[in-house]
1. Find the relative contact order for region 205-277 and round it to a whole percent, using C-alpha pairs within less than 8 Å whose residues are 6+ positions apart.
2. Where both residues lie in the chain, what percent of DSSP beta bridges are antiparallel, nearest 5?
3. Given only helices, namely DSSP H runs of n ≥ 4 each adding -39500 (n - 2.57), what is the per-residue ellipticity at 222 nm of the chain, to the nearest 500 deg cm²/dmol?
4. Taking the mean number of other Cβ atoms within 10 Å as a proxy for protection, how do you rank 26-37, 138-149, 213-224, 444-455 from highest to lowest?
5. Tell me, in nm to one decimal, what length is gained between residue 173 and residue 92 on full extension, where the rule is 0.36 nm per residue of separation less the Cα-Cα distance?
6. When each pair of different Cα atoms in region 204-280 is counted once in the 1/r mean, what is the Kirkwood radius in angstroms, to one decimal?
7. Can you give the alpha-carbon Rg of region 290-348 over 2.2 N^0.38 Å, where N counts its residues?
8. Which of rounded, prolate, oblate describes the chain, given a ≥ b ≥ c as roots of the alpha-carbon gyration tensor eigenvalues and a/c under 1.5 marking rounded, otherwise prolate only if a/b is larger than b/c?
Amino acid sequence: MSTVSASGGRAPRVAVVGGGLAGITASIALAETGADVTLLEARPRLGGATCSFSRDGLTVDTGQHIFLGCCSAYRGLLDKLGMTGHVHMQDRFDVTVLAPGGSATSGRTAPRRARLRRTALPGPLHMLPALGRYPFLSVKERASVSRPALAMRFVDPGKPAVDEQRFGDWLAAHGQTERARRALWDLFSVSALNIAGDDASLALAAVVVKTGLLGKNNAADIGVPALPLGELHGDAGATLLGKLGARVSLGAKVTAIEPAEGGGFTVRLGPEADEELAVDAVVLAVPHEKAAPLMPPGALPEPTVAAWAGLDASPIVNVHVIYDRPVMDLPFVAAVDSPVQWVFDRTKISGMDRPGHQYLAISLSAADEYADTPVAKLQEQFVPALAELFPAARDAGVAEFFVTRERRATFRQAPGSGALRPKAATRQPGLVLAGAWTDTGWPDTMEGAVRSGLTAAVELRRTVLSSTATIGERQ
Ligand SMILES: Cc1cc2nc3c(=O)[nH]c(=O)nc-3n(C[C@H](O)[C@H](O)[C@H](O)COP(=O)(O)OP(=O)(O)OC[C@H]3O[C@@H](n4cnc5c(N)ncnc54)[C@H](O)[C@@H]3O)c2cc1C
């Protein structure tokens, strides 16, 4: 077992377990400050939940990802990766919302349409004009929208009692009808929190509303990747880590993390646990259900680790449809009164080489009801649903239809989940946790993952790495 000895004077060795955004971020931050980093990722690629694969000449993301202007840590990572120029950031929050069943012209029913575009006014005034015109609510419902928006200012997401409440109950108590919750609040809370709007933890919903709606007026401006996620995060992460001198081990599944006598850890790898790595510190950046069995005994109280199972998981399903002609003329739209939630034009980003065709992906959050639905059934439901929203789709041929399902896309961001999320630090010196599921204060998002990676690196530098570095520097 290797430890930092007084005669060593070498850089402290750190194993980062898990190559999602949390692990990539922690690895970069630690390598930048001189640690000798090995990033161990079980799969054959980096990127974790943000990944891409090839299918018949298309590059497909397993799930469409977006981010907001307020995602400062994630945007910082993009900067570091040299990828800021490969995302499209709106100059103003601007979402077109469609609903089936508008007026009929020449025998065709056009969808009903709304545009939620912010003004240049400071938040929350920036959204009020658009909300005041939002046609899917009654005049009374529109007038009542500012009530919860303003009351949210006084909701402290850090309070356990807030974490225990359902967002839907709180909205109802602040005058939001069932219709207002479904046609307005769900639009954003379901995709941000990956749980049916009423069922979300008020604390996590408060983070989204307070940051996105009540923060700076550009906080909710939407960013959309312009490159497949595999390139944007995984490939770019591997390149930067290589430049920083960190090792990236792919196909390296960690099976045990054992504290060593005299400090440091033995990290065991491989199906037979026959490979091992001796390190001074470990960042455990895997999903909670994978982290629990890897925790060394006593690193945290057993009930704490057992309770992580309560974070559970919530699925996201993406429905991919390739039409033989263009049917949607915007980069993305949201829908209400439809099973469709958000639709993205993926024609260009997928590298599709089928002239005149258009590739749309429907992103379905909180997709429990679709996680096991056969593809044929989803096609029966979603092709007509798209035709209701996009008149051009009614005459178009469907050249291809397929589905991607991420059954454990995020943890279940339900009331009480906040109490189950651990801090980065453990009782075992040198072992820290990272991952979007840890206690970042943020929902399970790319921003949360990056924040957790930064926090883990800071925690190690504050504790064991500062002392190991000092020993080394004295030599
Ligand atoms: C379909 C989908 C859509 C989403 N949409 C959005 C969105 O629009 N915006 C947004 O901000 N967020 C979105 N998210 C959430 C976001 O992707 C996650 O919050 C974030 O990527 C999690 O990063 P992470 O590093 O914490 O975990 P992961 O990405 O899960 O990374 C953990 C890594 O650990 C590895 N691992 C596990 N066990 C071991 C082991 N024993 N040894 C070595 N490695 C191991 C895994 O293979 C994985 O690569 C979405 C997620 C999904 C699935």
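What follows draws every value from the coordinates through simple rules; no lab data is involved. If you're wondering where the values come from, they're calculated on a predicted model, not measured in any experiment. Glycine gets a Cβ as well: all are built from the backbone with ideal geometry, and neighbour counts include every protein chain shown.
1. Working: 53 pairs, mean separation 10.7, N = 73.
Computed over region 205-277, the figure is 15 percent.
2. Working: 52 of 70 bridges.
Percent antiparallel among DSSP bridges in the chain is about 75.
3. Details: 15 runs with 126 residues, N = 475.
Only helices count here, giving -7500 deg cm²/dmol.
4. Numbers: 26-37: 24.2, 138-149: 15.7, 213-224: 18.8, 444-455: 27.6.
By packing density, highest mean first, the sequence is 444-455, 26-37, 213-224, 138-149.
5. Working: separation 81, 0.36 × 81 = 29.16 nm, distance 3.09 nm.
Length gained, residue 173 through residue 92: 26.1 nm.
6. The answer is 16.7 Å.
7. Values: Rg = 20.9 Å, N = 59, 2.2 N^0.38 = 10.4 Å.
With N residues counted in region 290-348, Rg over 2.2 N^0.38 Å equals 2.02.
8. Numbers: a/c = 2.16, a/b = 1.63, b/c = 1.32.
Cα axes put the chain in the prolate bin.
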